[in-house]
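Below: one structure, written as C-alpha cells.
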Ligand code: SF4
C-alpha cells in the first residue's frame, strides 16, 4: 500500500516584507491567456471519444476518456482512499469522513476563478479530469459504483456526510438532481446526510427548493472572496469569469428561507486581500442569517492564476480562524472584538480564561464545514491538508494534540501553557 501523503506543494513565495497578513495590493491574479480554439470546450477529449472503463485515475500518459455526470463523478484522493477505490493512507488521520462527489464533463467548469485548479483557462494545459484541485488528483468513478459501495456498507460506512459539488456547466443543475435522486434511492439520509455545494450562477430559487425536496440536508455556497471587489477580481469580470457577488448572496437568502437556520453555509478563503475585519464581517452576517461560515486558508494552487502569490501567514489565519469559531459557536459578536488600524484582531472579546478554554478544546482550529456525527461544531468535511502542507497545518483534519496547540498559541502570539 502506498503512503499517499498529499503533495506538500511549496505554499508560494514567503513574505519578505515583514507583513503578517496578505494585503489586497499584493494579491493580484495573473491575467488569463487565450485558449486556442482547437483546445476549447474539452475538444481533445471529445474528438478522441475514448469510452471509460471503470475507475479512472488521472494520468498524463494516457488519453483522458470521455466521462460525464451523472454517469461519472470525481472525488478527492482522500475520499477515493476511504471508499476503497485507491490504495493509500493519510498522515495522522483516517482519510476523510466526507464523500465529496464532483460533477465532471470533458468541457469542465466554464468559470475561471483565479485561485482554482479547475478553472477554464487551464483547458490548453490539461484535460478537465486530470487537473489538480486543492492540490490533489480527483479520480473519476462510475456513480453507480460509488452508491453501491456506500449502500453495501450500511451503517458501517466511514462517511458521515456526502456532498455533491456542482461546477459552472449548463448540465450541472439537472445532473445534481440525477445524482441526488440515485443516491437517496439507495441510501437513507439518516445513514449519510447530503450537502450541496451549489453553483449560484446557474441556479434559481426553484432549484434550491427542488434539492431540499429531494432530501438534501444542507445547502452551501462557495462565496470564497470576502468583499465584492475581491470577488470581482478573482471570480468575476477581473478574470473573464461569469460570477456575480449579488447572485451568490441571493442564493444564500434562498438557502436561509428554504433550508432554514443551521442548514446552510458559505465557504470563505482567508488571505486573498481582505482585512480580518472584512472577513469577520461576512462571518457575522452569515451568523445573523442563521448560517455558518466554512473557512479555507489561501494556499496557492499550482497552475492557477494565483500560484505566484504567498500563502496566508499563519498568524493572520489563526486570528480569523479563532474569531470565526467564537462568532459561530460561542455567541461572541464582531462588535465585542477589537481591531487595529489594519483591521487585525487585537482582542477576541472574551475574558482570558474563557479564551484559554476555547483554545485548549482545539475544535476552533479543526477544518470547518458541514457537521457529521461527532458534534455540531466538528465538520464531517475534514479535507486533509487541503489548505496547507502537513508540515505546517492550517486546518487540522483531526483533534489537535498538545504539541499542535502549543504551536497554535505561538502563532497567535499568546503565552504557551505548559503541561
Ligand atoms: S466555479 Fe468553482 S470549480 Fe469552477 S473555477 Fe470557480 S471555484 Fe473552480
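Per-structure values
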read-out	value
Residues of segment 399-412 satisfying the condition of being in contact (Cβ under 8 Å) with a residue 24 or more places away in the chain and either outside any loop (DSSP other than H, G, I, E, B) or in contact with a helix residue (DSSP H, G or I) (Cβ under 7 Å, 6 or more places away or on another chain) (or both)	400, 404, 405, 408, 409, 411, 412
Any hit, segment 33-51, residues being assigned to a loop (DSSP other than H, G, I, E, B) and buried (at least 18 other Cβ atoms within 10 Å of the Cβ)	no
Residue 311 being under 25 Å from residue 239 (Cβ atoms) and touching a helix residue (DSSP H, G or I) at 6+ places or on another chain (Cβ under 6 Å)	no
Candidate set: segment 221-239, residues that are more than 13 Å from residue 29 (Cβ to Cβ) and surrounded by 19 or more Cβ atoms within 10 Å (Cβ to Cβ); chosen: the one farthest from the chain's Cα centre (by Cα)	226
Residues (under 22 Å from residue 373 (Cα atoms) and more than 16 Å from the ligand (Cβ to nearest atom)) located in segment 187-208	187, 188, 189, 190, 191, 192, 193, 194
Residue match in segment 95-104 (condition: over 29 Å from residue 61 (Cβ atoms), touching a helix residue (DSSP H, G or I) at 6+ places or on another chain (Cβ under 9 Å) and modelled with pLDDT under 95)	yes
Test result for residue 365, within 17 Å of residue 295 (Cα to Cα) and modelled with pLDDT under 95	no
Residue in segment 79-88 that is assigned to a loop (DSSP other than H, G, I, E, B), surrounded by fewer than 17 Cβ atoms within 10 Å (Cβ to Cβ), touching a residue at least 24 places away in the same chain (Cβ under 8 Å) and touching a strand residue (DSSP E or B) at 6+ places or on another chain (Cβ under 9 Å) present	no
Subset of segment 111-141 that is under 15 Å from the mean Cα position of the chain (by Cα) and more than 13 Å from the ligand (Cβ to nearest atom) - its residue that is modelled with the lowest pLDDT	135
Which numbered condition residue 282 fails, given (1) part of a helix (DSSP H, G or I); (2) under 23 Å from residue 396 (Cα atoms); (3) touching a helix residue (DSSP H, G or I) at 6+ places or on another chain (Cβ under 8 Å); (4) modelled with pLDDT of 95 or more	(3)
Odd one out for residue 146 among (1) crowded, with 22+ Cβ neighbours inside 10 Å; (2) more than 16 Å from the ligand (Cβ to nearest atom); (3) free of Cβ contacts under 8 Å to residues at least 60 places away in the same chain	(3)
Per-region count, segment 377-398, residues surrounded by fewer than 20 Cβ atoms within 10 Å (Cβ to Cβ) and in contact with a helix residue (DSSP H, G or I) (Cβ under 8 Å, 6 or more places away or on another chain)	3
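The values are calculated or read from the model by the stated rules, or taken from the named source; none is laboratory data. Every value quoted in this text rests on a predicted model; they were computed, and no experiment measured them. Positions of Cβ are generated from backbone atoms using ideal geometry, with glycine treated the same way; all protein chains shown enter the neighbour counts.
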